[in-house]
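Please read the structure below before turning to the comments.
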Amino acid sequence: MKPGIHPEYHDVTVHCACGASWQTRCTKPEVRLDICSSCHPFFTGRQKLIDTEGRVDRFTKKFGAQTVEARKAADKQAKAKKTASKAN
């Protein structure tokens, strides 16, 4: 290896937001993560909502927290109103 062209390689402790930490080597002196394999839904099988920019909150404020059942009920009511208005 040529001297002076490679970055320094540090022994670091990686810290996740969930509290997990482990030792590894990296060119950065410190590593902090938002999500790791200990808390990621793909690996844990649990659904976890990760919203760092508030997008989900803005969406629920704009459209409301509708479920599939609520939308189906609203569609049925709309159809019933439509048929009732045609009958009159």
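The values are calculated or read from the model by the stated rules, or taken from the named source; none is laboratory data. These numbers come from a predicted model, not from an experiment. Reconstructed Cβ throughout: ideal geometry from the backbone, glycine too, with neighbour counts over all protein chains shown.
Assorted remarks:
- Residue check, residue 62 farther than 30 Å from residue 6 by Cα, at pLDDT 70 or above, over 14 Å from the mean Cα position of the chain (by Cα) and not aromatic (Phe, Trp, Tyr): yes
- Tally of residues being within 28 Å of residue 53 (Cα to Cα) and either in contact (Cβ under 8 Å) with a residue 24 or more places away in the chain or not small (Gly, Ala, Ser) (or both) across segment 13-25: 6
- Residue 10 modelled with pLDDT of 85 or more and either out of contact with any Lys or Arg (no Cβ under 6 Å at 6 or more places or on another chain) or surrounded by fewer than 10 Cβ atoms within 10 Å (Cβ to Cβ) (or both): yes
- Count - residues of segment 1-21 that are touching a strand residue (DSSP E or B) at 6+ places or on another chain (Cβ under 8 Å) and under 14 Å from residue 40 (Cα atoms): 2
- In segment 23-47, residue modelled with the highest pLDDT [restricted to those that are in a strand (DSSP E or B) and surrounded by 13 or more Cβ atoms within 10 Å (Cβ to Cβ)]: 26
- Contact map, segment 39-59: residues that are more than 21 Å from residue 15 (Cβ to Cβ) paired with residues that are assigned to a loop (DSSP other than H, G, I, E, B) and modelled with pLDDT under 75, Cβ distance under 9 Å, separation 6+ or inter-chain. Pairs shown: 56/49; 57/51.
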